[in-house]
Amino acid sequence: MQRRKLGDTGFSIAPLAFGGNVFGWTADEATSFRLLDAFVAAGGNLVDTADSYSRWATGHTGGESETIIGHWIARRGRHDDVVIATKVGSDMGLGYRCLRKEYILRAAEDSLRRLQVDAIDLYQSHWDDPSTPFNETLEAYQRLLEQGKVRAIGASNLTAARLSEALFAAAADGLPKYRTLQPLYNLYDRSEFEGALADVCIRDNLGVIPYFSLAAGFLTGKYRSEADYGKSARGPGMKKYLNPRGLAILDALARIADAHGATPAQVALAWLLTRPGVTAPIASATSVEQLDELIGATRLTLGDDDLAALDRASAPSQHDSVS
């Protein structure tokens, strides 16, 4: 896979990133190892996780994904050929999201221990914490960067206004700036990133690695009614997408996929790869077969007519029922 510069982090990454939210949740350790091995063998090199993965699963406390990645790194004896991105700031039992300086410094040590690495390649603020000044958060990252425990920093889930504030605070106080953004962005969920937020990222050369690139699996086309909810653990979350606009998107994806001998998931990811500012979408898989399908998106070229059809189908104004 051809590499793309990840903003000005100094990293070059493949145009598809692997989402580690499945590790230790819907993929056990052995399966996770096979997925990671296959991803790297295919030319992939950015693996994204978070300290909170997978607290949502019964009996989990967080850190399960990082721990499996750490075991994989230890088994292969290297990680210089992959970019390990993790996140801090989710509720890890405090009852609130936190980006206080001392909290980040402690959390970084926990992530380093679980990942079994000397440095986190990309350390990201997972959620906004309006109660903590940006300069306090960035001071924590400055210390970690100076100590060599983190190589680059990024943010996730910030609005255009809040991202601009963070970048201004970094410049004003001589602190390190966020060099990447991880937003919610896919063919269905367009409004949060397109427009002002994308403009900030492009203006400041932030690498953009969207999450939920397949709308939690909806854009694969396997969920078309409530009867399909049982197809995966994420099935019940599909209700918000099952409306006229969502079904129109699925129909457009199916038509274009058929024309290219591709799958709807591949078309949805290939569309993201054409979007201004996007470096690499993040997608997850629970089998090597699923992963191979996703990687196929990097070899798919959509024509102008394809892109126009997808834009028409996903335009909110075209349909009355928009979630």
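The values are calculated or read from the model by the stated rules, or taken from the named source; none is laboratory data. Only a predicted model underlies this, so the values are computations on that prediction, with no experimental measurement involved. In this analysis, Cβ positions are derived from the backbone assuming ideal geometry, glycine residues included, and neighbour counts consider all displayed protein chains. Calculation scope for accessible area: heavy atoms of the full protein, side chains included, ligands and nucleic acids excluded. Shrake-Rupley method; radii C 1.70, N 1.55, O 1.52, S 1.80 Å.
Worth pointing out:
- Top of Thr298, Thr220, Thr58 by mean-square fluctuation, Gaussian network on the chain, Cα under 10 Å: Thr58
- DSSP beta bridge pairing in the chain, given as percent antiparallel to the nearest 5: 10
- Rounded tilt (10° steps) of 304-314 against the dominant C-alpha axis of the chain: 80
- Note on region 25-130: Kirkwood hydrodynamic radius from all Cα pairs is 14.2 Å, rounded to one decimal.
- Nearest-20 debye value, region 1-119 charge dipole, Cβ charges on Lys, Arg, Asp, Glu: 220
- Placing unit charges on each Cβ (+1 for Lys and Arg, -1 for Asp and Glu) gives the chain a dipole about its Cα centre, and among Tyr123, Gly221, Thr26 the Cα reaching farthest toward its positive end belongs to Thr26.
- Along the axis of the charge dipole computed for the chain (Cβ charges of +1 for Lys and Arg, -1 for Asp and Glu, origin at the Cα centre), the listed residues Ala17, Leu307, Ala170 are led at the positive end by Ala17.
- Element breakdown for the chain at a 1.4 angstrom probe: carbon and sulfur atoms account for 48% of the accessible area.
- Choice from Ser12, Ser32, Ser284 with maximal GNM fluctuation in the chain (Cα, 10 Å cutoff): Ser12
- The angle separating the long axis of helix 244-260 from the principal Cα axis of greatest extent in the chain is about 80 degrees.
- Taking every alpha-carbon pair in region 159-302 and binning the separations at 5 Å intervals from zero gives 2, 9, 18, 19, 18, 13, 9, 6, 4, 2, 0 percent.
- Taking amide H as placed 1.01 Å from N in the peptide plane, the amide H of Val83 sits under 5 Å from that of Leu46, Val47, each at least 5 places away or on another chain.
- Relative frequency of Cα-Cα separations exceeding 33 Å in the chain, percent: 23
- Most mobile of Gly93, Gly277, Gly296 in a GNM of the chain (Cα contacts under 10 Å): Gly93
- Relative contact order for region 158-286: 27 percent, from Cα pairs under 8 Å spaced at least 6 residues apart, divided by residue count.
- Net charge of the neighbourhood of Phe39, taken over other residues with C-beta under 14 Å away and scored Lys/Arg +1, Asp/Glu -1, is -4.
- Dipole magnitude (debye, nearest 20) for the chain, charges at Cβ of Lys, Arg, Asp, Glu: 180
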